[in-house]
Amino acid sequence: MNDKSRLNLETVEKDMVQDSFVIGILVSKFNRKLKESLNDLNDLGEIYKKGQVGAFSLKGINRDTQMIRGYLYDEGIWKPSTFSMPDAIINRISLNRKWESFFRKTVGRRMMNNFTFNKWEMYKWLSINSNLSKYLPITRLVNSPQDIIDFLGQYNEGIIKPISGSYGKGIIKVSKHEENFKVEASRQQKQENPLYLNHEELEVYLNSKCKRRKYIVQQVINLYVGKSPIDFRLIMVKVGVGEWRDLGLIARKGSKNGIVSNIGIVKNGDSALQNLLSIRRYEAIETRKKMTQVSFDAAKEMEKYRGCNGDLGNLGIDLGIDRNQRLWIIEINHRNPRHQMAVDAGEDGIYFNSNKFIMDYVHKLAERRGALDEYLPQDCEED
């Protein structure tokens, strides 16, 4: 074989490697949850045409060989397979520091949502930024029930949330009520009616809660329209070049007299801004622009939380607007934000575009394979 033929063959082989990738989806910690979740991944598997899509759990990873036992998507079917470490990964679960370090060393910066944070970590980090702190409800970490009681002494009421909870689970509202305290729980809990407790009873109640999980206590924001709370989910993902894109806004209306708004009726957020909040059209337009800008700023700031290697390419930003038209950041959802709610709101296009842009972006991450300088630039120190 002459030099020219050898060069042409090497070029073809290089192109073949670059044009076909395995995109991995880290779905769960254990295999049972992985198997239960496969049908929910069909849309991502179907939309990616530039290679294969694999789904796996942490349990399926052999750290020594870096081989994975999971599933590969093949014409509508997830087939049990063994494959090497994917070219790029979409992370959908919480990672401890040990696993974060493992993936940094194996895939580098080719992992979407490559770190996790809880509500308290988000608050601490964003509150340092003077441009973002004004959008955050006052928040305190709960180390003991006394922290909650002290908070109530200062603010009269508070929302108690698990620092790592989701879907409104475990949320409690406590407010002063004459000489006692009124305790309301989110609909996901068995407590259907408010409790009225004295100081000693409240301490016993809070002790039973705080022993099981870590909590924060937070300023109550009046998000009620009529008798139901309303908040907004702004869906944003990175496009192929790594820039954030606002894909759409979904409004969520909670149950009557409920304490959380993230479970209930969903509808298009742009129309809801004007119709549900009863504001003028120009006010709705300005508010919508502000929601986008604040969300972009918050996303970029949170990426700095893990240094220059942080990547949060897929987010759902929960926002609230109180009765004084003040905008609030409620939460940043980064562990598999549920864009399916767009379909529930009749916005199928938002859902389709979110999947398309996610796969386009992670494909761009895969194209970095072998570029070691993309993993740890000279001015970037690993934490």
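The values are calculated or read from the model by the stated rules, or taken from the named source; none is laboratory data. Here the structure is a predicted model, which means the values were calculated and not measured. Please note: Cβ atoms are built from the backbone with ideal geometry, for glycine as well, and neighbour counts cover all protein chains shown. Protein only, heavy atoms only, side chains kept; ligands, DNA and RNA dropped before computing areas. Shrake-Rupley method; radii C 1.70, N 1.55, O 1.52, S 1.80 Å.
Rundown of residues vs (1) surrounded by fewer than 15 Cβ atoms within 10 Å (Cβ to Cβ); (2) in contact with a helix residue (DSSP H, G or I) (Cβ under 9 Å, 6 or more places away or on another chain); (3) farther than 27 Å from N309 by Cβ, yes/no style:
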site: R140; (1), (2), (3): no, yes, yes
site: D150; (1), (2), (3): yes, no, yes
site: I159; (1), (2), (3): no, no, yes
site: F181; (1), (2), (3): no, yes, yes
site: E184; (1), (2), (3): no, no, yes
site: Y196; (1), (2), (3): yes, no, yes
site: C210; (1), (2), (3): no, yes, yes
site: N222; (1), (2), (3): yes, no, yes
site: V225; (1), (2), (3): no, no, yes
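Count of region 30-65 residues, restricted to those that are more than 26 Å from F352 (Cβ to Cβ), open to solvent by 20 Å² or more (accessible area, probe 1.4 Å) and in contact with a Phe, Trp or Tyr (Cβ under 6 Å, 6 or more places away or on another chain), is 1.
Just to be sure before I move on: is P337 at pLDDT below 90 and not aromatic (F, W, Y) in the structure I sent? No. Mind checking which residues of region 120-134 are open to solvent by 30 Å² or more (accessible area, probe 1.4 Å) and in contact (Cβ under 8 Å) with a residue 24 or more places away in the chain? Once the filter is applied, which keeps residues that are open to solvent by 30 Å² or more (accessible area, probe 1.4 Å) and in contact (Cβ under 8 Å) with a residue 24 or more places away in the chain, region 120-134 yields W120, E121, Y123, W125, N129, N131.
Looking only at region 285-318, filter to residues that are among the hydrophobic types (A, V, I, L, M, F, W, C) and outside any helix (DSSP H, G or I); which one of those is modelled with the lowest pLDDT? Per the criteria, the residue is L312.
Tell me, which residue of region 298-320 that is of a type outside the set (D, E, K, R) and open to solvent by 10 Å² or more (accessible area, probe 1.4 Å) is nearest to I90 (Cα to Cα)?
Going residue by residue through region 298-320, those that are of a type outside the set (D, E, K, R) are 298-299, 302, 305, 307-310, 312-317, 319-320.
Right, trim to open to solvent by 10 Å² or more (accessible area, probe 1.4 Å) and you get 305, 307-310, 314.
Details: Y305: 19, G307: 19, C308: 18, N309: 15, G310: 13, N314: 9 Å.
Looking at residues that are of a type outside the set (D, E, K, R) and open to solvent by 10 Å² or more (accessible area, probe 1.4 Å), I get N314.
Say whether the condition of being exposed (fewer than 15 other Cβ atoms within 10 Å of the Cβ) and modelled with pLDDT of 95 or more is met by at least one residue in region 348-371. There is at least one residue in region 348-371 that is exposed (fewer than 15 other Cβ atoms within 10 Å of the Cβ) and modelled with pLDDT of 95 or more.
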